[in-house]
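Engineer: Supplied in structure tokens, the structure appears directly below.
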Amino acid sequence: MPSINVVLIDDEKSLRDVIEDGLVGLFGCNVRAVSDGESGQACLRERSADVLLVDLLMPGLNGFDVLERLQSGEELAHRPEKVIAMSALTDSDTMQVLRGLGVDSVLSKPFSLKELRLALGLGEPGVYRTRVPMRPVTQSVFSAT
């Protein structure tokens, strides 16, 4: 079974390390973890990713900026199949903006590795179900609210 290629963008090193360790050690993903939006954009230009995990609030090029560029198709190898935003911002206005930017799910910080596994569409650790539709973990960006 092929590994999932993930680009992880988060400026908090400790959280980035925990997420990366879980993605690699528990779920068998190939991960490219970076600390800022510019580096994340470079990763998306250089190689294809199945999943983009992006923090919204970062200095410099933030997650919203990355998502806007992703939505416009700006110089990408290809658009990731799943786009997951990570943030403490889960108000209805933010959800509406994220929906317009093509986000599939939002992980409300703090979140568990189990919630991350569900957002990725993984069954048991290491098992990737490619035909299962993405289900929001903590709040749907597709709700009518």
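Engineer: Go through Ile84, Gly37, Thr94 and say which Cα lies farthest out towards the positive end of the charge dipole of the stretch 1-121; charges sit on Cβ, +1 for Lys and Arg, -1 for Asp and Glu.
Structural biologist: The Cα lying farthest towards the positive end belongs to Ile84.
Engineer: Continuing with this model, one more query. Using DSSP to define loop residues, name the GluC sites (Glu not before Pro) in the stretch 50-95 whose beta-carbon has at most 13 other beta-carbon atoms within 10 Å.
Structural biologist: Those satisfying the criteria are Glu74, Glu75.
Engineer: Taking the Cα centre of the stretch 5-120 as origin and charging only Cβ (+1 Lys, Arg; -1 Asp, Glu), how large is the dipole, in debye to the nearest 20?
Structural biologist: 340 debye
Engineer: When the Karplus curve 6.51 cos²θ - 1.76 cosθ + 1.60 is applied with θ = phi - 60°, which whole-Hz ³J(HN,Hα) does each residue of the stretch 90-101 get, with x for Gly and Pro?
Structural biologist: So the Karplus estimates, Gly and Pro as x, are 9, 6, 5, 5, 5, 4, 5, 4, 5, 4, x, 8 Hz.
Engineer: Follow-up. Which aspartates and glutamates does Lys13 reach when only Cα atoms under 18 Å apart count, and residues fewer than 8 places away in its own chain are ignored?
Structural biologist: Asp21, Asp36, Glu38, Asp55
Read the figures in this text as sums done on the coordinates, not as results from a lab. This is a predicted model, so every value here is computed, not measured. Using ideal geometry, Cβ is built from the backbone for each residue, glycine included, and neighbour counts are taken over all protein chains shown.
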